[in-house]
1. For the stretch 453-461, what does the Karplus curve 6.51 cos²θ - 1.76 cosθ + 1.60, with θ = phi - 60°, yield as ³J(HN,Hα) per residue in whole Hz, taken in order and with x for Gly and Pro?
2. Which order, highest average first, do 798-808, 669-679 follow once you tally other Cβ atoms within 10 Å for each residue and take the mean per peptide?
3. Between Thr103 and Gln351, what is the FRET efficiency for a Förster distance of 60 Å, r being their Cβ-Cβ separation, to the nearest 0.05?
4. What net charge is computed for the residues neighbouring Ile394, neighbours being all others with C-beta under 13 Å from the C-beta of Ile394, Lys and Arg scored +1, Asp and Glu -1?
5. Could you give the accessible area per residue of the chain, probe 1.4 Å, as a whole number in Å²?
6. State the extension gain, in nm to one decimal, for the chain segment bounded by Arg603 and Ser417, taking 0.36 nm per residue of separation less the distance between their alpha-carbons.
7. After finding the eigenvalues of the alpha carbon gyration tensor for the stretch 705-834, what semi-axes result from the square roots of 5 times each, listed largest first in whole Å?
8. Would you mind telling me the share, in percent, of accessible area of the chain contributed by carbon and sulfur at probe 1.4 angstrom?
Amino acid sequence: MPCRLAGFRVSAAGLGAPGSRSSPVTYTRARPAAVGGRKGTQGWVLGDIGYTDAPDPDKAGDLTEFIGLLETLRGWYGNPSYRTLAKRVGPLLRPPETVSQSTIGDVFQPRRRRLNIDLVAAIVRALGADEPTVRKWKAACVAVHAVEKTGGPAGVLRQLPADLATFTGRAHELTHLMNASIPSGAAGPSTVVISAIEGMAGVGKTQLAVHAAHELVRQGRFAEVQLYVNLRGFDPEQAPVDPAVVLDGFLRQLGVPGPQIPAGLAERSAMFRDRIHDKHALLLLDNVSDESQVRELIPASPTCLVLITSRRSLAGLDGASPHHLDVFSTTEALELLGRIAGTERVTAEPQAAAELVELCGRLPLAVALTASHLRGRPQRSLADQITRLRTHGIDAFGAGGRSLRPVFDISYRSLESQARRLFRLLSLHPGADFTPQSAAALAGMKEAPTERLLERLIDEHLIEQRAGGRLGYHDLLKQYAVDRAEDDEEEPDRAGALVRVLTWYLNTADTAARLPRPQRRHALPELPVPGPLCLAFDSPSSARGWLAAEYANLLAAQRTAAEHGHHELAARIPQTLFEVFAGQGLWTDWVDACVLAAEAAKRLAEPRLEASLNLDLAGAVARTGSLDEAIKHYETAAALFVSVENPDGEAAVYVNLGQVHFSAQHFAEAQAHYQYALGLLRRVGNPVGEAAALDGLGKSSFEAGDQGTALELLLQARELYRQAEDRFGEATATSNLGHLLARVDRHHEAVAELRTAVELCQRVEHRMAEASCWESLATPLQALGDHQGAVDALTHAYALFAGADETAAHRVQVLIDRAADCRSTSSSAGLTVPAQQSHRS
């Protein structure tokens, strides 16, 4: 019998054999035809065309059209009855089963919202199609189901999701976003405006984009068309949406009939740009996986606005304006907490509320989940919720079926294995932030590949960029990374990574500490700890800059080393930080670090190390003003140095004791200590230490009234420093010499010596010592009547102190004001400010 296609009437005779695929036939519009005892689908107007091929399932734009084509395929294969198909289909299923006639008939109902894909494949196979054809129909069936989920009904042009009542804050970000959509200039934009909202998971990108879109529409802008699609770029259960599928849905909504929609992505994109041209349209492309997913979805018309959200950087999307979305401010976080949990609860426990939102890291999703959890538990206090969060960590953030961990899991699992490893290892890093160099040491990798992985983590918004090229985690991501490290990293690997980074910090800090004064003897011997290659520095200022930048992390590294039993590392780190402690006056920090180091030395049962650390601890305590306590630590250090026969160390104790007594104006005692140290240092042949003792002895002798001896001792100290090529020591002795010359009214000589001291400090790039020299220089200049020179010198001092030592900067500002008032007189009253330098041998 001749084949019969549902919905069409044959208008030419001469059909070939039943099932023939090459019979020349033409079709005209037909009334609904009864097929298999049931009403068929309404046919399309095709006119007089040759129709010789089997129907193509890829032409189906939606489920209804797919069912119509499936009915056509049944007719093309001879129009077997539903009963016949049921008998053929049952054995083809896996496992085989009995299939009823009604089950098969239901498949061909055009208003169905869903089909059993395996049943469809079995029907196509039962009709007699080969396996490639079966696979094609099965894939097309999957595609039209995707359209049902993402495309929405045809002709729906106002698709924005609801603007949530809980939308909070974001005033600045919203203004920025709205302004970016406004044409700049009278002529307006020449191309489409694209705003890409990026940020970490849970930061509220979608809510901001939806709210901005509604605000624009309320203002009467882009009111003609609003298209929305969730591209599922980070859906744990479904693959990202194919842009071709999105375009199919958009075109249908713009009124393009399914059969007229091209098959290819590029062709669909071209048609979409054509159909939306000159329309005042807003597209919201939510949860974008990467640039390739949206490139073909971008219109070309300047009348259009595209809002994109992604937790991944879309820097490669041409023409897009990135809008990085950060966490809430404290005020915004508290407002959201009150909106959901109740403002009266926030008002009743203001301190707990503030602490609670900080525990949430002010991440909008975390605040919302916590607030929702509280809303369902009206009797629970905010303080109790804080306890819960501290006890259970990231798993405590949840409400109903939503929780925070799966949101982070999606981003983590999207990474390649090396990036996942680095993400979790970084949680072991001491301190609040890290650099590419310290991250490379932690991971045991070279810097270049580590930087590439860090860029990947930045693009995924799993770590964040901070000032000065530094990087860090959001607090909740840090918790998540710690969990991942514990679950996914073997304990020996974690321990090895920690040792690597701690060792790198010690060795780099040691290198940086030695560069400004390579002649200075450390109390400890040269004992490089095996580990990653440390950084090199090209100048003293770069070394000091690194120590200052890494100061907090070095203290954290010491604490971490002590906690994990790496006592030698914990003991040695503070000794590298003297320049920072002294330069910024952080004496309390130095005391704490030295106490921790001394405890570590005791655990090691190393008396020489313990002696050295008691020496440092004594110096730190002395600088806090507790001189009696400092002397006790010096005495302990001296006894330990004697017990291990270390005259260098013992001499260092007595040089420092001399400084303590000098500061207390006990000049005779100071002279005695310096003299004893000098004898020890000369016996062991330590010229730098000898120079320090002579310098202190000279100052003490001057204050004791022996001016001639004092100046001679300072000249000897300077010469020893010169011979040892210790420029900083030479600068110190020269500065002290100039200061004493000024006090005996040898002002011309004092000016010359202090200017030389300034030049020496500049050579070694020691800003604080240079500032002290400039400050001292003002005194002899004023005595000589050069009041403008004095003002200039003090101005130099102020510029160097400002931002580093605000107390000194304030003192110098007072002196500048006084010097300016004295320009017309020769009085120098109140300008004498001794510049005394401290020493370590």
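The values are calculated or read from the model by the stated rules, or taken from the named source; none is laboratory data. The structure presented is a predicted model; accordingly, all values stated were derived computationally and were not measured. Please note: Cβ atoms are built from the backbone with ideal geometry, for glycine as well, and neighbour counts cover all protein chains shown. Just so you know, the surface numbers come from the protein's heavy atoms only, side chains and all, with ligands and any DNA or RNA stripped out. Shrake-Rupley method; radii C 1.70, N 1.55, O 1.52, S 1.80 Å.
1. Values, residue by residue: 5, 5, 4, 5, 5, 5, 4, 7, 6 Hz.
2. The densest-packed peptide leads the list: 669-679, 798-808.
3. In this case the efficiency is close to 0.40.
4. With Lys, Arg at +1 and Asp, Glu at -1, the neighbours total -1.
5. 44 Å²
6. Result: 63.0 nm gained on full extension.
7. 24, 18, 11
8. 50 percent
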